[in-house]
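Asks: Before I ask anything, let me first share the structure, which is written out below as C-alpha cells.
What follows is calculated from the coordinates using simple rules that are stated; it is not laboratory data. On a predicted model such as this, the values are computed, not experimentally measured, just so you know. Note that we place each Cβ from the backbone using ideal geometry, even for glycine, and neighbour counts take in every protein chain shown.
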Protein chains: 2
Amino acid sequence: MIRMSKETDYGIILLAHFAGDQERLTHSARALAAETYLPLPMVSKILKILAREGFLVSYRGVKGGYSLARSPERVPIAEIITAMEGPVAMTECVEAPGECRHEPVCQLRSKWQKINEVVLLALGSITLSDLIGPLPDQLAPFGGKPENLVRLQ
Amino acid sequence: MIRMSKETDYGIILLAHFAGDQERLTHSARALAAETYLPLPMVSKILKILAREGFLVSYRGVKGGYSLARSPERVPIAEIITAMEGPVAMTECVEAPGECRHEPVCQLRSKWQKINEVVLLALGSITLSDLIGPLPDQLAPFGGKPENLVRLQ
DNA sequence: ATGAAATGGTACCGGATCAGTCCTATATCA
DNA sequence: TGATATAGGACTGATCCGGTACCATTTCAT
C-alpha cells in the first residue's frame, strides 16, 4: 500500500509536536507520550532515533529532554522518512543497483529512478512547518498543471 | 522504505512486456515467465490478478493466454499500483478515516491527504507507454520548478 | 471422445519484517 | 545519594509477504 512504517508515522507526529510548541525549551519522552497519546516505550525509542539522526538535540539527566535541532521550515519530511526507514525506493533495483538478478534484461530500472525522483521531489518540498498550519488546507500541486507533471524519455 | 510489493513490481514488469511486444495476439504465462525470468507460479498468480482487475483480457484453453485490455498510453501506473496493493496511502488515517484512535487529537490527517494527492498525481501522470521508450530518459518534473511544487495551507 | 495445454481460484507455508516492550548503563540535578 | 532523564540494546509475538501447490474448468487438435 505504499505506506510508511508506524515508527516513521509516529516520528513525524512527534516532530510536528515539537514544531507546534516551541515555547518550552525541551520536551521529555514522558510528556510527549502523554500529549500525543502514543505509548511511552515507543516514543522513547523513536526519540532516540531522531536524536541520533540529527533532528533532535538531547539533554540527559533530571530536567533533560529533547529539542528541535533545526527550525521546522528547514526539515523536509522526505529527509525524516529517509532517516527513519532508509532511502525512498519504489523498487529494489533503485535502492541497490546490481542486486536485482533481472537487471540485465529488465529495461525499467532507469524509469523507476526517474519516477522515484519525482516522488522524492514532491516529499522534499514539504517541511515540518507545513504540517502545523491551521485548516483548511489548499493544495496547488505543480501549479495546477498535471499534464506538465512528468516527462519520461 | 516506501516500497511496492514484489507482486506489484512484477505486475508492472509483465504489463510493460505486453506493451513492448504487441505483435503477438496473446502471451501465455509460461512464455512470459521465460521471457522475463520470473518464476512461473508467480507470473501465473499475478496475471490472474491483472485480468480480474481489468488490465488484461484472458483467453482459456490451449492457445489461450492474455492480452492488454487497453492501449498502453491509457494505463497510468498509479492505477496498477492501486489495483494490486490497495489505495496509495502514506499513513493509515488516509486510507481508513476514523480508524486511527489518535485522529481526534492528531492535526496531521488533512496534511497527509494533500501529500498523498501529490504522490498520486505524480504516479498518475506516468503510463505504461512511458515505460517502454528507449534510453536515455530525461526527466522534467513540474516544469523544472520544484519551488512551485506543493503549497499546503 | 480424449488428452494436452491453458486459465481460474484458493489454500498453504516458511521466513522476514514490524510494533511494541523490557532491561541495563549513564548522565544530571536537587 | 536518590530521582529522573536519555543511550543502547535485546527480545518477542503477530502480521504480512513471496512463493508454491493443488484442483477445477475451458479450449483446441487428433
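Asks: Sequence-distant or interchain residues sharing an amide H contact under 5 Å with A:A69, placed H: which?
Replies: Amide H neighbours of A:A69, under 5 Å, 5+ apart: A:L56, A:V57.
Asks: Which length gain, in nm to one decimal place, applies between A:L25 and A:L40 when the Cα-Cα distance is subtracted from 0.36 nm times their residue separation?
Replies: Value of the extension gain: 3.4 nm.
Asks: Which whole-angstrom value gives the distance between the alpha carbon centres of the range B:59-126 and the range A:1-44?
Replies: After rounding, the separation between the Cα centres reads 27 Å.
Asks: Over all residues in B:125-131, what is the mean tally of Cβ atoms on other chains that come within 10 Å of each residue's Cβ?
Replies: Per residue, the average neighbour count from other chains is 5.
Asks: Please name which of A:H17, A:W112, A:S5 has its Cα lying farthest along the dipole of the protein assembly as shown towards the positive end, using unit charges on Cβ (Lys, Arg +1; Asp, Glu -1) and the Cα centre as origin.
Replies: The Cα lying farthest towards the positive end belongs to A:S5.
Asks: Moving on. Looking only at other chains, what is the average number of their beta-carbon atoms within 10 angstrom of each beta-carbon in A:8-21?
Replies: Neighbouring Cβ atoms belonging to other protein chains average 2 per residue here.
Asks: Below 8 Å between Cα atoms, with a sequence gap of 6+, how large is the relative contact order for the range A:52-103 in percent?
Replies: 19
Asks: Under a point spin-label approximation (7 Å from Cα along Cα-to-Cβ), what is the A:S67-B:E103 distance to one decimal in nm?
Replies: Placing both labels 7 Å beyond Cα along the Cβ direction yields 3.7 nm.
Asks: Once amide H atoms are built 1.01 Å from N in the peptide plane, which residues 5 or more positions from B:I126, or in another chain, come under 5 Å H to H?
Replies: Counting only residues 5 or more places away or on other chains, the set is B:I77, B:A78.
Asks: Could you go through the range B:62-77 in sequence order and give the Karplus-derived ³J(HN,Hα) for each residue, using 6.51 cos²θ - 1.76 cosθ + 1.60 with θ = phi - 60°, rounded to whole Hz, and x for Gly and Pro?
Replies: Result, rounded to whole Hz: 3, 6, x, x, 10, 9, 4, 7, 9, 6, x, 6, 9, 10, x, 5.
Asks: Once phi is turned into ³J(HN,Hα) by the Karplus curve 6.51 cos²θ - 1.76 cosθ + 1.60 with θ = phi - 60°, what whole-Hz value does each residue of the range B:87-92 show in order, with x for glycine and proline?
Replies: For the range B:87-92, the Karplus curve yields x, 5, 8, 4, 10, 4 Hz.
Asks: Which number gives the lysine pairs in the range B:6-134 that have C-alpha atoms under 19 Å apart and are eight or more places apart or on different chains?
Replies: So the count of such lysine pairs works out to 4.
Asks: Let me ask you something else. For the range A:32-111, which trypsin sites (Lys or Arg not before Pro) are both in a DSSP coil and crowded by at most 11 other Cβ atoms within 10 Å?
Replies: Answer by residue number: A:R60, A:K63, A:R101.
Asks: Over chain A, what is the relative contact order in percent, taking alpha-carbon pairs closer than 8 angstrom and at least six residues apart?
Replies: Here the relative contact order equals 24 percent.
Asks: Turning to a different aspect of this structure: Isolated Cys in the protein assembly as shown by the 4.7 Å beta carbon test?
Replies: A:C106, B:C106
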